[in-house]
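The values are calculated or read from the model by the stated rules, or taken from the named source; none is laboratory data. Being a predicted model, the structure only gives us computed values, none of them experimental. Cβ coordinates were reconstructed from backbone atoms using ideal geometry, including for glycine residues, and neighbour counts include every protein chain displayed. Heads up: the accessible areas ignore ligands, DNA and RNA and are worked out on the full protein's heavy atoms, side chains in. Shrake-Rupley method; radii C 1.70, N 1.55, O 1.52, S 1.80 Å.
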Amino acid sequence: MHYQVVSFNYKKCTLPEREEIAFTSDGEIREFLDTLMAFEFMLEAFVINTCNRVEIVSASKDNFATFHAILGILSQRTGVGFHDLARRAMRFEDEEAVRHLFSVVSSLDSLVVGEAQITGQVKQGFRLSYENRTAGKELNRLVSQAVKCAAEVRNATNISENPVSVASVAVAQAVELMGGTLEGMTGLVVGTGEMGRLAAKHLLRSGADVLLVSRDPSKAQQIAAELGENVRTGSFENLERYINRYRLLFSATSSPDPIILPEMIEAKEINRIWFDMAIPRDIADISDPAIRVFRIDDLQEISKTNHALRREQALRAAEIVDRRVEEFFRWLQALSVEPVIKRMRLRVDDVASAEARRAVKKGFIPAEYEANLRYAIAQAFDKYLHDPTRNLRAISKESDGSGVIEAMKRVFEIDTADVDPDRYKVQRKETKQ
C-alpha cells in the first residue's frame, strides 16, 4: 500500500488555473471519487477542496498508475490538457505525502501560515469520502495522526495565537487602507460560508457594521442573530445596488461563475475596495480606476509581509511535523509486524498440537503424555523463534523495514488483511519503550 498526494495549490498554480480545477459541489467530488475508485489498483481517496488548493489524497497499490488516473479524470472533467495538468501538479509519495498532509493540516502549507480553518476543511473532505464509501481505515489512520500533529503544533508554538485567515488578512488590509479604523463604515459581506462568517466577525472587531447578503436568507439571518445587532441582512436580488453604495466589499460564495460583473457597476466619485476571497472568482475583471480589487493571491503577498513572526514559529512547527511523520511510519510498521509475529506463534501452537496427536496415534507415546509433548514442542519453537522475532521487531523500525515484513508474510503465507490495528496499540507502546 502506498500513500500519494496530488496537489494543485497557490505555490505552483495561478488563480485562474486553480479556478479551472476547483470542484464547485460535493456532488462533483463524489462523482470524481467514484470514477477514480473504479480502478482496481485504488484502495481509498479523498479530496481537499479549498480556495487555495485542490488536493487528491490516496492510498493505492500503485502510485504511478494512480497519478495518471487522477490527471486523466481531471482532464476529462475540466477540459484542461493532461500534460498541462501534470505541469501544474505537485506530487508527493509515501513519506513525503505524509509530511505534506501533516504540514497542510497543521496550517504550515497555507497561504496564510497559522490560519485556523484548514484542519476542519481536511476533516470535512475525508468525511465526505468516508460517507461515500471511497475512504476508510487506511486514510483514517493518516488523517487522525495529521490532526494530532496539528494539535501539538498549536500547543507547542504560538503560530495559532490570534488565529489568522484569508478573511482576517483582507479586513486588516482594509483597516490599513482606510487610515487605521473602520469606525462608522459598513462592510458588505457576500456569502455565508466559513469565510464570509469570519469576514463579518473581523469587521465587527474593527468597528464596522456588516451587511450580510446570501442566496440563502435564512442562513444569513441565523448568522446575523449570532453575531449581534451590528449585523443586518440584505436581499441577494439587491446586490447591484449594494455594491454601488458601500465602499467595502468582501465576497466569498461558492458560485461557479462571477456574481459581480462590470455592467453592474455605476460610476461613483468614492473609491471602493473589494476583496474577492472565492475560488472560482466572485468578481469579474474590473477596469474602473475607482475600484481596487484584491484577490486570493494578492492577500498571500500581504500575509508574507505582515506575518514574519508566524513564519519563525513555522520553522519550529516543521520540526514537530518531521518527528510526527517518523513516529507515524514506525507506528504503521509496528502495526504490520505484530500481527505477523502473532500469526507465526499461532501456527507454532497448531503444529505442536498436530504433532502431539500424531505421536499418540502412532503409538510413539502414551495418550497421557500428549499435553506434555505439545508443551515441549511449542517451547522448542518459541526458543527457536525468539531471536528472529526480536530482529523482526527491530527491522520494523527501520525506514525500509516494510519490505522485509512483506517478505516474511509471503514466506510464511500469512494474511493480515483482516487484522484490527487497534488490538496492537499496547504492544506498539511497549515496543517503543
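Sorting the segments 141-148, 405-412, 207-214 by their mean number of nearby beta carbons within 10 angstrom, highest to lowest, gives 207-214, 141-148, 405-412.
Per residue, the chain exposes an accessible area of 49 Å² to a 1.4 Å probe, with every protein chain left in place. For the listed peptides 263-270, 221-228, 63-70, 77-84, a ranking on the average number of other beta carbons within 10 Å per residue, highest first, reads 63-70, 221-228, 77-84, 263-270. Using only alpha carbons, segment 80-230 has a radius of gyration to Kirkwood radius ratio (Rg to Rh) of 1.05. From the largest down, segment 1-115 spans 38, 31, 26 angstrom on the principal axes of its Cα atoms.
Calculated mean residue ellipticity at 222 nm for the chain: -18000 deg cm²/dmol, from DSSP H runs with n ≥ 4 weighted as -39500 (n - 2.57), summed, divided by the residue count and rounded to 500. Sequence-distant contacts, meaning Cα pairs under 8 Å at least 6 residues apart, place the relative contact order of the chain at 13 percent. This structure gives Rg and Dmax of the Cα atoms in Å, computed directly, and of (i) 28.5, 110; (ii) 28.9, 91; (iii) 23.7, 76 that value is listed as (i). As a rough guide to protection, the peptides 193-204, 125-136 ranked by mean Cβ packing within 10 Å, highest first, stand as 193-204, 125-136.
Past 26 Å, Cα to Cα, is the threshold; run Lys12/Lys201; Lys148/Lys409; Lys137/Lys201; Lys123/Lys409; Lys383/Lys409; Lys137/Lys383 against it and keep the listed order. The pairs that break the limit, which is 26 Å between Cα atoms, are Lys12/Lys201; Lys148/Lys409; Lys137/Lys201; Lys123/Lys409; Lys137/Lys383. On the chain, 48 percent of the accessible area sits on carbon and sulfur atoms, based on a 1.4 Å probe.
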